[in-house]
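A quick write-up on the structure given underneath.
The values are calculated or read from the model by the stated rules, or taken from the named source; none is laboratory data. In this text, all values refer to a predicted model and were calculated from it rather than measured experimentally. Note that we place each Cβ from the backbone using ideal geometry, even for glycine, and neighbour counts take in every protein chain shown.
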Amino acid sequence: MLKKPDVKVVLLGDMNVGKTSLLHRYVEKKFHETVSTVGGAFYLKQWGPHSISIWDTAGREQFHGLGSMYCRGAAAVIFVYDVSNFQSLVELEDRFLALTDTASTDCIFAIVGNKVDLTDECASVNETEGEKPCHATTGSTAKVRKQVHVEDAVSLYKRVLKYKMLDEKEAPPAEKMCFETSAKSGFSVDFLFESVFDTVVPLLKKKANGPSETVDLTDSNKAMKGTRSGCCK
Amino acid sequence: MSVQAFRLVCAVDRELLPQVDKAVARIECLECCGHNLYLGTSDGFIHHLLLEERSGAMPGHSTFSASRQLQRQLGTKKPVNELRAASALNRLLVLCDGVISLVHMLNLEPVPSGARIKGAVTFTLNENPLSGDPFCVEVCIVSVKRRTIQLFHVYEDRVQILKEVSTPEQPFAVAIDGYFLCLALTTQYIILNYNTGASQDLFPYSSEEKRPIVKRIGRQEFLLAGPGGLGMFATVAGISQRAPVRWSENVIGATVCFPYVVALDAEFITVHSMLDQQKKQTLPFKDGHILQDFEGRVIVATGNGVYILTPLPLEKQIQDLLSNHRVEEALVLAKGARRNIPKEKFQVMYRRILQQAGFIHFAQLRFPEAKELFRSGRLDVRELISLYPFLLPTSATFTRVHPPLHEYADLNHLTQGDQEKMNQCKRFLMSYLNEIRRTEVANGCKEDIDTALLKLYAEASHENLLDLLGSENSCIMADSATWLEKYKKYFALGLLYHYHGQDAAALQLWAKIVNGELEDNTRPDLFEYIVDFLTFCTNQELVWKYADWILQKNEQVGIHIFTKRPLEEQQKNSFRPNDVISCLHRYPKALLQYLEYVVLDQGLQKEKYHTHLAVLYLEEVLRLKAVVKGNCMELAEVQKKFQHLLQQSDFYRVHLLLDKIKDSDLLLEQAILYGKSEDHEKALNILVWQLKDFSTAEHYCLWNSENKDPIYKQRLFHQLLSVYLHSDRPDESLLTAAVDLLNHHAAEFNAAQVLRQVPDTWSAQLLSQFLVGAMRESVHRKRMSQLTLGLAKAENIIYQYEKLKATESSIVLSDKNLCQVCRDPFLEPAFVRYPNGSLVHTHCAASRHTNPSSTHHLSSPSRRT
Ligand SMILES: Nc1nc2c(ncn2[C@@H]2O[C@H](COP(=O)(O)OP(=O)(O)OP(=O)(O)O)[C@@H](O)[C@H]2O)c(=O)[nH]1
Ligand SMILES: [Mg+2]
């Protein structure tokens, strides 16, 4: 019997940023041409004792309304943008962030800049060197200017936490949850998914154990000390 | 892409249909309950038909025929909008002109009580009610009142309102499961718990643009028409557990017939798989406007025709997929079917599908995939082996399963004679069999597997052939032997014989290879291998049988069959040296080696062997001396061995040897032999006079006095000295030798005697070293004896003192004193007193004395009476 998935991970992001391609790359270790996703799709991944369902959503405006339902009860949301397209990052905040209202309260977030293969990572070096305009030189291998840098993703991550009213100190740190990937080359793709799973799974156990029934005095003491020292400063 | 999942079959002949001639009346709705088919028409009629299914020639090819029963027009001429049967109540619920009436299922008469529900736009029955009353159905209506849903309990002839729920927007369609309503509102779908009032948004949808669809498809799960022609799944918890399927934009109705979603639009019926979301089948169907499932039976209807979608058996569908080589889809479908098929049946079916899928991959040379499928499908490997011509043993009783798992007669057929492909297949089988032969998969057919593997290895001249035969295996003898002969693997064949305990046959074969009668150069060192084999062979007869052959080939290596036998066997001494020696008489080198083995390694103390060996050495020395001139390594070596033996051994016949070499120039050997017979004078004379080898003479004294008492040694040294001194012809060199001897071995001589012996002419200077040495030795000896004497005296005094102390005071013996040993009083005046003061009976002391273990705390008894 198929095991019921016990963890839900949802990929969100504007159309064409490469959500489907990332998932293909991870699941099939291949990159092939995709068609714009209709509705959504999901894959099951066995991760230790857990069965994780990874939902690929459609970025097209038409299907935007489905997002909330897909996010319902999600344990992790992966926001995907295209590093060569600044607008795709903006959309995450404008359009997609609100969809996560239905996600689980301790949902974690990852922010992924895809298609790094397109950008010339040494573009910044080249700029200072020759001040050459960034135009296509040899057809398909043309590199484009990177429009979004990791720092942008990091600051978005912080705004996401703020929106979710999560404590920055308790949520996974931004350095750990902001990624740059290429579904085309496979760069960092496994790392992305595995990091997310590894972050999510320990949280599940906590949840499964539930809040402890007894009052933990040591813990509350610590908390009190913390606040006191905080206000004395 | 397509599968045939369903066949569309006409359910009701046209002439049976109501008023076909009247173009105005059309079928508005229908209901099917068991054999009863009800149609509601646009002119307000309900028609009752009986439906009969006749199974066809093949499964899934059944046909239907219908017969007309009653028909009845409800009061108005308004169209009948919806029909629902409540078979437990024997009632049909009819929605017509905003009113739901209850009519009898068979005679179609309204219930006498006239119970009805008014003000309904549409209604649905709760198929999963929580009330638990079997004589009541839960009806949910979308009311004509704005934004209102009402729930009723309907009994045989009465109706009772249960709940009225108001909704945030106007509802258009409703489905119900337990307490959960799934509602299509104006702009979105929601889930609403009518018991608690809690609601959950699903997703937005514009009901103005398209007609919403809300369909309960199973426990707690609904199918909804979503944006962009999507068929969306949602649970009562408001989440989606399945990926959506993609319909056309204008779907009118949809339902699930596991594992398929069937949808209807104006032109087609489409079938999507819920398992992989792919569209599997498209059936052209014009003007359809009803698609519903009734107890698993999907019925579609146009305004004037009723058709049934009969599902083809899953197994058939899967087989179709497999025959189109669509392995993945077939497996998904099979897996998805798990819950619809009894467990045992499923497992048998699924295993078979896995195996078939494995063969499909195999035929495309995708071996890793094939292997995995064979493994998980627990394929009887003989199915696979049987594809390869001649690999199964002729004795095998195996026959392929029927129906066959694949379409191939054999590998030639499969590869169409492509040699390279054939080889790939063979290599795959090799590795596959090798992998599984020790696993439980192999149980019951180990012989077939190992024999097949042997054949493959032999054919490919694979090195593993020898490993296979050299370790535990189940190769069938007859079959394997023929095959190995065919491929000229005679060495391997020998191993096979050996494995089956037929060492004689193995040796015969191998000997033939060595003799060049058979050709097989698997082992260039086959001769050594045979020697080794015989060395460890427990069958003595075989060893004897091949001894001659072996020794003829190579005496030095061959002799190992006797000299290198395993230790445990050596101890049993199963080969008697006499027998071996008589066998070896024609092989002098071997004989020599054997005697060396017996005498030197084994240390047998038999005169015969020692003498024999010595004689052989002697003969060899003499032979070599005769042929070579000058220095010869070989000669030196043999001579050294000879001398060594003469010196070390005490078992050979000295005189026999002496006789043999008396006349030769083997002086040292003569000297040794004289020494052995205690004729030291002769020996030393030879050494000194004839050989003039003084250092050897000195050594002679040393080695001959080894393990003998010092007097013997002294005598030898004096004897040597005498030889030096009392020569008839005074010889300067002898005198020097004498001086050296004295000076170097001062301690071995009796100095006084020496001084009497040496010529008076010798200066003290000459002998100073000797004198000093002798002096020192004698002083040393004197002091040592003084020391010993002194120590002995001291010890004596200590004992005297102790005795004195023990006896100086008197001891009073009363009946209070008890013997320390037996705890009895003393009855006689005699007793024994130990130095520590304890008193015991004399007899107790005696018995105690013989039992030293108990005397540890009493020491050195002193007796007193
Ligand atoms: N160069 C490059 N192209 C990529 C990469 N990832 C995706 N693409 C391309 O970007 C296009 C869109 O990719 P998809 O994976 O379909 O994007 P999506 O996010 O799933 O889009 P929607 O399904 O419409 O939301 C395709 O043409 C991909 O080939 C990448 O890492 N590098
Ligand atoms: Mg996509």
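Taking first residues from segment B:535-547 that are of a type in the set (A, V, I, L, M) and partners that are in a loop (DSSP other than H, G, I, E, B) and surrounded by 13 or more Cβ atoms within 10 Å (Cβ to Cβ), the Cβ contacts under 6 Å between residues at least 6 apart in sequence or on separate chains come to B:543/B:537. Selection of strands (runs of 3 or more DSSP E) fully inside segment B:131-216 by the criterion of at least 1 residues being in contact with a His (Cβ under 9 Å, 6 or more places away or on another chain) and under 26 Å from residue B:239 (Cα atoms) returns B:137-143, B:199-204. For segment A:59-75, a residue qualifies if it is within 14 Å of ligand 2 (Cβ to nearest atom) and closer than 20 Å to residue A:107 by Cβ, and the qualifying residues are A:59, A:64, A:66, A:67, A:70.
Scanning segment B:235-274 for residues that are in contact with a helix residue (DSSP H, G or I) (Cβ under 7 Å, 6 or more places away or on another chain), within 13 Å of chain A (Cβ to nearest Cβ) and either at pLDDT 95 or above or not in a strand (DSSP E or B) (or both) returns B:238, B:239, B:240, B:247, B:248, B:249, B:259.
One residue stands out in segment A:6-15 among those that are within 14 Å of chain B (Cβ to nearest Cβ) and under 20 Å from residue A:62 (Cβ atoms): the one that is farthest from ligand 2 (Cβ to nearest atom), namely A:10.
Answer yes if at least one residue in segment B:108-125 is without any contact (Cβ under 8 Å) to a residue 60 or more places away in the chain, in contact with a Pro (Cβ under 7 Å, 6 or more places away or on another chain) and surrounded by fewer than 21 Cβ atoms within 10 Å (Cβ to Cβ), and no otherwise. No - not one qualifying residue is present in segment B:108-125. Screening A:64, A:24, A:32, A:50 for residues that are surrounded by fewer than 24 Cβ atoms within 10 Å (Cβ to Cβ) and either acidic (Asp, Glu) or within 14 Å of another protein chain (Cβ to nearest Cβ) (or both) leaves exactly one candidate, A:64. Within segment A:67-87, the set of residues being among the aromatic types (Phe, Trp, Tyr), more than 10 Å from ligand 1 (Cβ to nearest atom) and away from chain B (no Cβ under 11 Å) comprises A:79, A:86. Within segment A:153-175, the set of residues being part of a helix (DSSP H, G or I) and either among the acidic types (Asp, Glu) or over 19 Å from residue A:116 (Cβ atoms) (or both) comprises A:158, A:159, A:160, A:161, A:162, A:163, A:175. Per the listing B:56, B:40, the residue uniquely surrounded by 13 or more Cβ atoms within 10 Å (Cβ to Cβ) and free of Cβ contacts under 8 Å to residues at least 12 places away in the same chain is B:56. Can you pull out every residue in segment A:51-66 that is under 22 Å from residue B:231 (Cβ atoms), more than 10 Å from ligand 1 (Cβ to nearest atom) and in a strand (DSSP E or B)? Matches in segment A:51-66: A:53, A:54, A:55.
Here residue A:18 fulfils each of the conditions (1) within 13 Å of another protein chain (Cβ to nearest Cβ); (2) within 16 Å of ligand 2 (Cβ to nearest atom) apart from (1).
Meeting the requirement of 1 or more residues that are among the charged types (D, E, K, R), the helices (runs of 4 or more DSSP H) wholly within segment B:541-608 are B:555-558, B:567-572, B:577-583, B:588-596.
Scanning for something within 14 Å of chain B (Cβ to nearest Cβ) and of a type in the set (Asp, Glu), does segment A:103-112 turn up at least one residue? No. The residues of segment A:8-50 that are more than 10 Å from ligand 1 (Cβ to nearest atom) and out of contact with any Ser or Thr (no Cβ under 9 Å at 6 or more places or on another chain), listed by number, are A:26, A:27, A:28, A:29, A:30, A:46, A:47, A:48, A:49, A:50.
Consider residue A:40 carefully, then state whether it is touching a helix residue (DSSP H, G or I) at 6+ places or on another chain (Cβ under 9 Å), within 14 Å of another protein chain (Cβ to nearest Cβ), among the small types (Gly, Ala, Ser) and within 12 Å of ligand 2 (Cβ to nearest atom). Yes: the conditions hold for residue A:40.
Checking each residue in segment A:92-115 for being within 16 Å of ligand 2 (Cβ to nearest atom) and surrounded by 20 or more Cβ atoms within 10 Å (Cβ to Cβ) picks out A:92, A:96, A:99, A:112, A:114, A:115. Go through segment B:704-716 and give me each residue that's within 12 Å of residue B:680 (Cα to Cα) and in a helix (DSSP H, G or I). Listed by number, the residues that qualify are B:704, B:712, B:713, B:715, B:716.
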